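Quick notes on the structure that follows.
The values are calculated or read from the model by the stated rules, or taken from the named source; none is laboratory data. Since we're looking at a predicted model, the values are computed, not measured. Neighbour counts are summed over all protein chains in view; Cβ atoms, including those assigned to glycine, are modelled from backbone coordinates with ideal geometry. The protein model used for the area step is the full one, side chains on, heavy atoms only, and it has no ligands, DNA or RNA in it. Shrake-Rupley method; radii C 1.70, N 1.55, O 1.52, S 1.80 Å.
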Amino acid sequence: MAPPGLLPHQPASISAATAQLIAVEQARQEVIARFGIAPAADDRMDQLAREMAERTGLAYGFVNVFWSQQSFIGLHQPHPDSGLIPVGRSMSRRHGWCPEVIARQKALPLPDVYASPRFAGNHVTDALGIRSYFGAPLIDTDTGIAWGTVCVIDPEPRPLAHAQHLLDIVKDTGTTVIHTLTDRAPAH
């Protein structure tokens with residue numbers, strides 16, 4: 001046992017739910033490290049984000065990895081002359097809809113975010129005027145841990161009749177992202 005005062009203050013106990021969240025977060029970071037992903041722009045991921053945005057017809061595309069913040073290793077933005085707001089390569093985990101996709105480990109189609117009161121009030125809606133979101137988790141097949149997302153967003157809502165087709169494109173891109181990163185991952 002360490003002498004008093006040499007260890008940082010630790011709570012006497014944590015709840016089972018908190019312990020589970022900590023364990024999942026540690027496992028997520030281990031998966032990301034195993035893939036050898038760096039928190040920086042990646043040309044191939046930018047290309048996949050662009051292709052996904054073009055195929056869906058939505059303005060922005062993202063390949064998003066969940067470190068302490070959401071980091072967009074793949075990013076497609078609208079042309080500078082479009083009048084749409086450019087975005088950076090990172091965002092708080094409290095913003096957007098990708099944190100919900102990570103938590104539920106299921107795709108989330110929001111053809112019109114205003115149609116769902118739960119998802120309408122959002123920093124991304126307010127800051128960028130986003131009305132549609134289609135996202136899918138990136139899940140490690142070995143551990144079942146969601147470690148990132150792929151998604152597209154746009155200031156225009158989409159018809160509900162198109163939602164499944166758009167979501168299928170996003171899911172297909174997610175599969176390509178996972179295969180690409182798996183193929184590039186260092187041997188372990």
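Quick rundown of the values:
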quantity	calculated
Added length on full extension, which subtracts the Cα-Cα distance from 0.36 nm per residue, residue 168 to residue 142	7.1 nm
Over region 63-139 - Rg/Rh using Cα atoms and the Kirkwood inverse-distance radius	0.94
Where 18, 149, 141, 180 fall by accessible area, highest first, once all protein chains stay in place (1.4 Å)	141, 18, 180, 149
Whole-percent carbon and sulfur share, accessible surface of the chain, 1.4 Å	56 percent
In Å², nearest 10: area of residue 30 left accessible to a 1.4 Å probe	130 Å²
Cα-based convex hull, region 109-177, per residue volume (Å³, whole number)	94 Å³
Region 57-102 versus region 114-141: alpha-carbon centroid distance in Å	11 Å
Relative packing of peptides 173-179, 63-69 - highest average C-beta neighbours within 10 Å first	63-69, 173-179
Restricting region 33-140 to trypsin sites (Lys or Arg not before Pro) in coil, as DSSP defines it, with at most 14 other Cβ within 10 Å	93, 94, 106
C-alpha long axis of helix 16-35 to longest principal axis of the chain, angle in °	70 degrees
Tilt relative to the chain, helix 43-56 - C-alpha long axis, 0 to 90 degrees, to 10	40 degrees
Cα gyration tensor category, rounded, prolate or oblate, for region 15-58 with a/c compared to 1.5	oblate
The chain - Kirkwood radius from inverse mean 1/r over Cα pairs (Å)	17.5 Å
